[in-house]
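Since every read-out is calculated from the coordinates, none of them should be taken as a lab result. Note that this is a predicted model, so its numbers are computed, not measured. Glycine also receives a Cβ, built like all others from the backbone with ideal geometry; neighbour counts cover every protein chain displayed.
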Amino acid sequence: MTNATNVPPRPGASVWRFIQEQRVWLASAAILLLLVIFDPAQSAESAVFAAAALAHTAPYLLFSIAVAAWAGATGADNLVAKAFTGKPLLMIALGALAGGLSPFCSCGVIPLIAALLAMGVPLSAVMAFWLASPIMDPSMFFLTAGVLGIEFAVAKTAAAVGLGLFGGLVVHLLNQGGALQDALRDGVGNGGCGGAKMRAPKPVVWRFWTEAERRAKFAGTAWTTTLFLAKWLLLAFILESLMLAWIPAETVTSALGGEGLLPIITATLVGVPAYLNGYAALPLVGGLIEQGMAPGAGLAFLVAGGVTSIPAAMAVWALARPQVFALYLGLSLTGAFSVGLLFQLWHAV
């Protein structure tokens, strides 16, 4: 019998393997190439938009990449992972609060999420932070208060924390029931090296640069993390530029007028696929509320659109398996509708 290791690769296998490994980079290149052919002006605008967005996100990326590489090289990721063990409900609460009050945007939180998952932090706590973070931050709070009023700003903050708690608890219960045991993609978090580190912790070496192996670990982690984040963010920003260019914000928000339950449902469903920049959406929603749109519909739209923005949603897709991505969208829909309905009932009292 012929040994399987001696069987020559099939023709085209190496090409197919290359396509599979580089499919995200190739997708970005294909989109830009098609734009160059069919819409040259938009190709330039999308390229500039993506470059500017990456530059804006760079400080978050560099800091988080450095932290992840340092944690891996020193072994400090063991300490972080151990801090999240044995206290799932407390970690969910802390994750939701940190997400709702942190200054991270939906783009800046991606490398932090990747680092937490790589350290073996439970998915329930990470999901709580993941859901809450894109909705509100300190600058967004003050801008929301100025445009829509302090009541709306407080409601949006409460919605962020509440959605984080809701999502974290759902993931925790699913884990308790045996689901989502293999929720992350290979090599990420509990599905890869993170879980092993928690099971077999090693001593922390703070002065990692004194050992060649740890210096190599630092460089290797920094490089692979940079490539991973860069390819997904580039594709996300290109797609975001196309949505902003081809789906005007006014067209999206004009469909959300009216009173009753239907506008809240519509706002939730429209907010999921139609991402609006959180700052740009505020005056548009404010104008519609002045024209009679239900406040609950406005809040549902802002929450659903924030959680499922292209960068945030693609981060989930890149790091987690499809079932977790579907759960993320389901939690976003349910949570956005619930907070919109509760806010509308509050106004009706």
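The simple spin-label model puts a point 7 Å past each Cα toward its Cβ; for LEU26 and VAL204 those points are separated by 4.3 nm. Between THR224 and GLU151, the distance separating the two model label sites (each 7 Å from Cα on the Cα→Cβ line) works out to 5.3 nm.
Extension gain, ILE265-PHE18: 0.36 nm per intervening residue step, less the Cα-Cα distance, totals 84.6 nm. Subtracting the Cα-Cα distance of GLU45 and PHE63 from their residue separation scaled by 0.36 nm leaves 3.7 nm.
Taken along the Cα-to-beta-carbon direction at a fixed 7 Å, the label points for LEU89 and PHE142 span 3.7 nm.
Tell me, in nm to one decimal, what length is gained between TRP317 and LEU101 on full extension, where the rule is 0.36 nm per residue of separation less the Cα-Cα distance? Show your work: numbers first, answer last.
Numbers: separation 216, 0.36 × 216 = 77.76 nm, distance 2.42 nm.
Answer, rounded to one decimal: 75.3 nm.
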